[in-house]
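Chemist: First the structure, then my questions, so here it is.
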Amino acid sequence: MSRVDAALRDLRSLDALAARDTPLARVDARALTVTTLAFIVTVVSFDRYAVAALLPLALYPVALAALGDVPAAALLRKLAVAAPFAVMVGLFNPLLDRAPMAIGSVDIAAGWVSFTSILVRFALTVSAALLLVAGTGMNGLAAALRRLGMPRVFTAQLTFLFRYAFVLGGEATRMATARQLRGNGRPMRLAEAGPMLGHLLLRAFARAERIHQAMRARGFDGEVRLLGGRRWQARDTLFVAGWCVWFALVRTVDVPQWLGWLMTGAT
Amino acid sequence: MSHHLVEMRGVSFRYPDGTAALHDASFRIVHGECVALIGPNGAGKSTLLALINGLVLPSAGEVLVGELPVTTRTLAQVHRTVGYVFQDPDDQLFMPTVFDDVAFGPLNLGLEEDQVRMQVDRALQTVGAVHLAQRAPYRLSGGEKRAVAIAGVLAMAPSILVLDEPSSGLDAAARRRLIGLLASFTHTRIIATHDLDLALDVCTRVLVLHAGRLVADGTPAAIFDDREGLARCGLEPPLSWRRRD
Amino acid sequence: MHMADALLSPAVGATMWVAAGSVLALSARRLDRQSDDRMVPLMGVLGAFIFAAQMINFAIPATGSSGHLGGGLLLAILLGPPAAFIVIASVLTVQALFFADGGLLALGANIFNLGFFPCFLAYPLIYRPLAGDGTSRARVVAASLLAAIIALQLGALGVVLQTIASGISNLSFGTFAALMLPIHLAIGIVEGIVTAVVVLFVLRARPDLFAARTAPTAPLGRLLITFAAAAALIGGVLSWFASGHPDGLEWSLERATTGEAAEEQGVKAWLAQAQQRVAILPDYDFAAPAAAADSEPGTEAAASWPDVKLGTSASGIVGGVLTLVLVFVAGTLLRRTRRSASPPAG
């Protein structure tokens, strides 16, 4: 079934990006996580009409994509595909907010400005999240979250979920494809989906039972033990500090405006 | 030497819903033996293996591992002695990376981190999977998963290895590597398998299970020569045995 | 639908993270105390199941659109509230990271909206008392429907409130709610049906999986109290719709456009038409453009449909949160009295 397959391919490809040895992968996962969160908070902290002032922040995702050797086309494609609830909601702004705003010598309805701001925010925050995974990988990220203090149960759950998403996704795909081949072109009905989900669920329970046995057979007592991770290095501190300085600068100084003044010498 | 022993004395097992899976099984396997457990589907092979490892407990009779009776109290020791390789490696490779998975057992045993790393490296080397150490399980082929599953069990330094259909789903090259690996071990090995050619290549003794009963116990030659006996159990001699005529 | 970073303010995002994080920490602690080592593999595998199941689309009869299982309620039924909450949080996290579903800051809000309401409100307060031990198919279906509908309505309401409170979107509470709530009513019905089908299927094949989790059928009196609380909540929400005060945004719009050029009036007329089409409730009435230009700001226009004045929207949100808290408290008290009356079923 194409949806499951496509989703699994997304998981695989993004996670595989992190497995390569790139400058981005060498940054400590905790540093990358913290910096990305600071980035997102900075982006959303701008007022609703900020557009140009947000743009210098794009340096962060652009830099990460470069450091991580992430193809820009793939990133843009993911942005376009991500069902933008934000865009649909944001589209109301031009309808509702008609107060004129001066952009240079032109008057634009303020709603369009805020809608553009929403689009920019969307692009920035979503690409940052994707690049975070591309830089750390799911397992690296879960380990980072654990070391940053998230509950162990939760981070262990993330790794197990990720591990078995492929197995169960594969089962789901095969079942759905088998139905499709005998479906004579008809889309799946609830009467078919129900039992299919039921079967998948029963198999999931059976598998969980076997995994539990395998865990007990190797001495599992309830606590998932992991080896110590990578050490925090000076360059990680530099990474976090450097980017946060940039975020703070962009937040306080309207960099594009400033650049414009520099260029034109006008006030 | 005694911890390499596996023995069953009049063991029977019944599922909670009443179906009998094993009836009055008795055998004794000694140090270093490599035993194949064969039989048609539903004969009770998996049940028998599960009883050896204490995954289930017998309804009657006694299971002894290394002269220790398998009870709820001795389970931890049994798990240290017996290395169990499951039929579906996906059930067994549940950690994020190969290295993490092979380290799972040693970590649970309470070993120090450097010791753990040493055990893991040694196990991975034995199965030839050192280059896979940082790989996530979903990126492994069937043969690689099987090798890593075996490594995960080896890292606990067991005395007895139990394998459930180890060659199923493997391509010829992976299967050949597996056979070489199994033949090289000095542990006591018990292998449940449909792959009778593997049994012929690796094992020195064959136990035949049929409808929950142990119906034959002997050398591969003796067992595979008895065509009628095999046919009664729904089995055939391995191809390589038939071809040698 | 998922909340998005692009519509979020730092304050709201952080608040929802604190809320989600607290529930997460409490759930983790509750699970640690239960110390059942079966949970680790089971939660992982069921999370993967939900993840895969959400991609199995089926056609919804008579609508031409497709739906899929959400899973929050089903997980709560299979695992109990704390484990289910953690599983949902993990699924949403993976979706946020890999599929840009929402965003990282909005993840807190999404975990709360899609996790807390089904796991800690709908399941224990609605599904469990109504479904009982699962022997009556009708009860399971009814319980499933009601629980799913309410859980999704609350979740949708959460998104609306978070969006309004963030102030990035210009949508008014009324308009946004009018869009979100009916859609999520339909989604809730589908979710309820799918959940019921799966639960009944599994119940028949493996009744042992539910042994520890079913409650004895609750006495009618307690059921009524629970439903009364739910009704009060829904009634409170609807009353905002029914309020006769002019819409805050339109009120401020009137102020902003009073005395402007005729061009603005043209815009207002167009805006009025657009809102007419958007509004769903029948007695909606937007002040005619000419009248709006003449009227002084603050004049109560005739029967304006949506609800909350801009100046009171903050208190409206506080009121909404307070109502939810009260419902939760009521539910918890209800559960305590039930536990003391009958032995716990697990």
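Chemist: Touching a residue at least 60 places away in the same chain (Cβ under 8 Å) and either of a type in the set (Asp, Glu) or outside the structural domain of C:ILE111 (by TED's automatic domain parsing) (or both), is that true of C:ASP37?
Modeler: Numbers: touching a residue at least 60 places away in the same chain (Cβ under 8 Å): no; either of a type in the set (Asp, Glu) or outside the structural domain of C:ILE111 (by TED's automatic domain parsing) (or both): yes.
Against the criterion (touching a residue at least 60 places away in the same chain (Cβ under 8 Å) and either of a type in the set (Asp, Glu) or outside the structural domain of C:ILE111 (by TED's automatic domain parsing) (or both)), C:ASP37 does not qualify.
Residue-wise test of (1) farther than 30 Å from B:ARG244 by Cβ; (2) buried (at least 21 other Cβ atoms within 10 Å of the Cβ); (3) small (Gly, Ala, Ser).
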residue: B:GLN125; (1), (2), (3): yes, no, no
residue: B:VAL130; (1), (2), (3): yes, no, no
residue: B:ALA133; (1), (2), (3): yes, no, yes
residue: B:SER141; (1), (2), (3): yes, no, yes
residue: B:ARG146; (1), (2), (3): no, yes, no
residue: B:ALA157; (1), (2), (3): yes, no, yes
residue: B:LEU181; (1), (2), (3): no, no, no
residue: B:ASP195; (1), (2), (3): no, yes, no
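Chemist: Hey, any hits in the range A:45-55 for a residue that's modelled with pLDDT of 85 or more, surrounded by fewer than 22 Cβ atoms within 10 Å (Cβ to Cβ) and under 14 Å from the mean Cα position of the chain (by Cα)?
Modeler: Within the range A:45-55, none of the residues are modelled with pLDDT of 85 or more, surrounded by fewer than 22 Cβ atoms within 10 Å (Cβ to Cβ) and under 14 Å from the mean Cα position of the chain (by Cα).
A quick yes/no check of all residues on (1) of a type outside the set (A, V, I, L, M, F, W, C); (2) over 21 Å from B:SER168 (Cβ atoms):
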position	(1), (2)
B:LEU64	no, yes
B:HIS79	yes, yes
B:VAL85	no, no
B:PRO96	yes, yes
B:PHE99	no, yes
B:GLY110	yes, yes
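Chemist: Here is a further query. Just checking, which of A:ARG20, A:ARG30, A:ARG77, A:ARG26 is more than 10 Å from every other protein chain (Cβ to nearest Cβ), surrounded by fewer than 20 Cβ atoms within 10 Å (Cβ to Cβ) and in contact (Cβ under 8 Å) with a residue 40 or more places away in the chain?
Modeler: None of the others qualify; the one that does is A:ARG20.
Chemist: So, one more: Is there a residue in the range A:113-120 that is hydrophobic (A, V, I, L, M, F, W, C) and within 7 Å of another protein chain (Cβ to nearest Cβ)? Can you show your working first?
Modeler: Initial filter on the range A:113-120 (hydrophobic (A, V, I, L, M, F, W, C)): A:113, A:115, A:118-120.
With within 7 Å of another protein chain (Cβ to nearest Cβ) added as a condition, the list becomes A:118.
Checked the range A:113-120: at least one residue is hydrophobic (A, V, I, L, M, F, W, C) and within 7 Å of another protein chain (Cβ to nearest Cβ).
Chemist: Can you tell me which residues in the range B:142-171 are of a type in the set (Gly, Ala, Ser) and farther than 13 Å from B:ILE190 by Cα?
Modeler: First, the residues of the range B:142-171 that are of a type in the set (Gly, Ala, Ser): B:142-143, B:147, B:149, B:151-152, B:155, B:157, B:159, B:167-169.
Of everything in the range B:142-171, those that are of a type in the set (Gly, Ala, Ser) and farther than 13 Å from B:ILE190 by Cα turn out to be B:GLY142, B:GLY143, B:ALA147, B:ALA149, B:ALA151, B:GLY152, B:ALA155, B:ALA157, B:SER167, B:SER168, B:GLY169.
Chemist: I would also like to ask the following. Does the range C:24-75 hold any residues that are of a type in the set (A, V, I, L, M), more than 8 Å from every other protein chain (Cβ to nearest Cβ) and touching a Pro at 6+ places or on another chain (Cβ under 6 Å), and which are they?
Modeler: We begin by selecting, within the range C:24-75, every residue of a type in the set (A, V, I, L, M); these are C:24-26, C:28, C:31, C:39-40, C:42-43, C:45-46, C:48, C:50, C:52-53, C:55-56, C:59-60, C:62, C:69, C:73-75.
Of the ones still in play, those that are also more than 8 Å from every other protein chain (Cβ to nearest Cβ) are C:26, C:39, C:50, C:62, C:73-75.
Passing the criteria: only C:LEU73.
Chemist: Something else: C:ASP32 - would you say it is farther than 20 Å from C:ALA151 by Cβ, of a type in the set (D, E, K, R) and not in a helix (DSSP H, G or I)?
Modeler: Criteria not met by C:ASP32.
Chemist: Please enumerate the residues belonging to the range C:76-90 that are more than 16 Å from the chain's Cα centre (by Cα), more than 10 Å from chain A (Cβ to nearest Cβ) and assigned to a helix (DSSP H, G or I). Outline the logic, then answer.
Modeler: Kept after step one, since they are more than 16 Å from the chain's Cα centre (by Cα), are these residues of the range C:76-90: C:77-84, C:86-87, C:90.
From what is left, the residues that are more than 10 Å from chain A (Cβ to nearest Cβ) are C:77, C:79-81, C:84.
Within the range C:76-90, C:ILE77, C:LEU79, C:PRO81, C:ALA84 meet the criteria.
Chemist: Looking at B:ASP90, B:ASP100, can you tell me which residue is of a type in the set (Asp, Glu), crowded, with 18+ Cβ neighbours inside 10 Å and closer than 12 Å to A:LEU227 by Cα? Can you show your working first?
Modeler: Numbers: B:ASP90 fails: closer than 12 Å to A:LEU227 by Cα.
It is B:ASP100.
Chemist: Then there is this: Out of B:ARG80, B:ARG73, which single residue is out of contact with any Asp or Glu (no Cβ under 8 Å at 6 or more places or on another chain), more than 15 Å from B:SER12 (Cα to Cα) and facing chain A (nearest Cβ under 8 Å)?
Modeler: So the residue among B:ARG80, B:ARG73 that is out of contact with any Asp or Glu (no Cβ under 8 Å at 6 or more places or on another chain), more than 15 Å from B:SER12 (Cα to Cα) and facing chain A (nearest Cβ under 8 Å) is B:ARG80.
For (1) without any contact (Cβ under 8 Å) to a residue 24 or more places away in the chain; (2) more than 24 Å from A:THR36 (Cβ to Cβ); (3) not acidic (Asp, Glu), each residue gets a yes or a no:
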site	(1), (2), (3)
A:PRO84	no, no, yes
A:MET88	yes, yes, yes
A:ALA102	yes, yes, yes
A:VAL113	no, yes, yes
A:THR116	no, no, yes
A:ALA144	no, no, yes
A:VAL153	yes, no, yes
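Chemist: Looking at (1) under 19 Å from the mean Cα position of the chain (by Cα); (2) crowded, with 24+ Cβ neighbours inside 10 Å; (3) at the interface with chain C (Cβ under 9 Å from one of its Cβ atoms), which is the only condition A:LEU131 fails?
Modeler: Failing condition for A:LEU131: (3).
Chemist: Is one or more of the residues making up the range A:91-106 under 21 Å from the mean Cα position of the chain (by Cα) and at pLDDT below 90?
Modeler: Taking the range A:91-106 and keeping what is under 21 Å from the mean Cα position of the chain (by Cα), we get none.
No: the range A:91-106 contains no residue that is under 21 Å from the mean Cα position of the chain (by Cα) and at pLDDT below 90.
Chemist: A further question follows. With respect to the numbered conditions (1) within 9 Å of chain C (Cβ to nearest Cβ); (2) farther than 30 Å from A:THR252 by Cβ, which one is the sole condition not fulfilled by A:VAL44?
Modeler: Unmet condition: (2).
Chemist: Any residue in the range A:253-263 that is at pLDDT below 90, of a type in the set (D, E, K, R) and assigned by TED's automatic domain parsing to the domain that holds A:VAL51?
Modeler: Initially, the range A:253-263 is screened for residues at pLDDT below 90, giving A:253-263.
Retained after the next criterion (residues that are of a type in the set (D, E, K, R)): A:254.
Now restrict to residues that are assigned by TED's automatic domain parsing to the domain that holds A:VAL51: A:254.
Yes; the residues of the range A:253-263 include at least one that is at pLDDT below 90, of a type in the set (D, E, K, R) and assigned by TED's automatic domain parsing to the domain that holds A:VAL51.
Chemist: Look through the range B:159-171, keep the residues that are in contact (Cβ under 8 Å) with a residue 40 or more places away in the chain and on the phi < 0 side of the Ramachandran plot, and return whichever of them is surrounded by the fewest Cβ atoms within 10 Å (Cβ to Cβ).
Modeler: Taking the range B:159-171 first, the residues in contact (Cβ under 8 Å) with a residue 40 or more places away in the chain are B:159-166, B:168.
Within this subset, residues satisfying the condition of being on the phi < 0 side of the Ramachandran plot are B:159-164, B:166, B:168.
Details: B:SER159: 21, B:ILE160: 24, B:LEU161: 21, B:VAL162: 27, B:LEU163: 24, B:ASP164: 19, B:PRO166: 27, B:SER168: 14.
Taking the candidates together, the pick is B:SER168.
Chemist: Pick from the range A:153-184 the residues that are charged (D, E, K, R), in a helix (DSSP H, G or I) and surrounded by fewer than 24 Cβ atoms within 10 Å (Cβ to Cβ): which of them is nearest to the other protein chains (Cβ to nearest Cβ)? Show your work before the answer.
Modeler: Of all residues in the range A:153-184, those charged (D, E, K, R) come to A:163, A:171, A:174, A:179, A:182.
If we keep only those that are in a helix (DSSP H, G or I) as well, we get A:163, A:171, A:174, A:179.
Narrowing the set further to residues that are surrounded by fewer than 24 Cβ atoms within 10 Å (Cβ to Cβ) leaves A:171, A:174, A:179.
Details: A:GLU171: 7, A:ARG174: 11, A:ARG179: 10 Å.
Result: A:GLU171.
Chemist: How many of the residues making up the range A:33-56 are touching a residue at least 40 places away in the same chain (Cβ under 8 Å) and farther than 25 Å from A:ALA109 by Cα?
Modeler: Here the count works out to 8.
Chemist: What strands (runs of 3 or more DSSP E) completely inside the range B:1-77 contain at least 1 residues that are at positive phi and either in contact with a Cys (Cβ under 7 Å, 6 or more places away or on another chain) or surrounded by fewer than 20 Cβ atoms within 10 Å (Cβ to Cβ) (or both)?
Modeler: B:6-14, B:20-29, B:60-65
Rundown of residues vs (1) closer than 30 Å to B:PRO89 by Cβ; (2) at pLDDT 85 or above, yes/no style:
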| position | (1), (2) |
| --- | --- |
| A:GLY185 | no, no |
| A:GLU192 | no, yes |
| A:MET196 | yes, yes |
| A:HIS212 | yes, yes |
| A:ARG218 | yes, yes |
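Chemist: Then there is this: Can A:PHE85 be described as crowded, with 16+ Cβ neighbours inside 10 Å and in contact with a His (Cβ under 9 Å, 6 or more places away or on another chain)? Let's see the steps before the verdict.
Modeler: Numbers: crowded, with 16+ Cβ neighbours inside 10 Å: yes; in contact with a His (Cβ under 9 Å, 6 or more places away or on another chain): yes.
Answer is yes for this residue.
Chemist: Right, here's the next one. For A:THR125, which of the numbered conditions (1) surrounded by fewer than 24 Cβ atoms within 10 Å (Cβ to Cβ); (2) more than 30 Å from B:PHE104 (Cα to Cα); (3) touching a Phe, Trp or Tyr at 6+ places or on another chain (Cβ under 9 Å) fails to hold?
Modeler: Just one mismatch for A:THR125, condition (1).
Chemist: Within the range C:1-60, track down each residue that is of a type in the set (Phe, Trp, Tyr) and either touching a Lys or Arg at 6+ places or on another chain (Cβ under 8 Å) or more than 16 Å from C:GLY102 (Cβ to Cβ) (or both).
Modeler: At the first step, the residues of the range C:1-60 found to be of a type in the set (Phe, Trp, Tyr) are C:17, C:49, C:51, C:58.
Answer for the range C:1-60, where residues must be of a type in the set (Phe, Trp, Tyr) and either touching a Lys or Arg at 6+ places or on another chain (Cβ under 8 Å) or more than 16 Å from C:GLY102 (Cβ to Cβ) (or both): C:PHE49, C:PHE58.
Chemist: Quick one: in the range A:218-245, which of the residues that are of a type in the set (Asp, Glu) and within 14 Å of chain B (Cβ to nearest Cβ) is farthest from the chain's Cα centre (by Cα)? Full working, then the answer.
Modeler: Initial filter on the range A:218-245 (of a type in the set (Asp, Glu)): A:221, A:223, A:236.
When the remaining residues are screened for being within 14 Å of chain B (Cβ to nearest Cβ), the result is A:221, A:223.
Details: A:ASP221: 34, A:GLU223: 29 Å.
Applying the filter and picking the extreme gives A:ASP221.
The values are calculated or read from the model by the stated rules, or taken from the named source; none is laboratory data. Small disclaimer: the values here were computed from a predicted structure and weren't measured. Note that each Cβ is placed from the backbone with ideal geometry, even for glycine, and that neighbours are counted across all protein chains shown.
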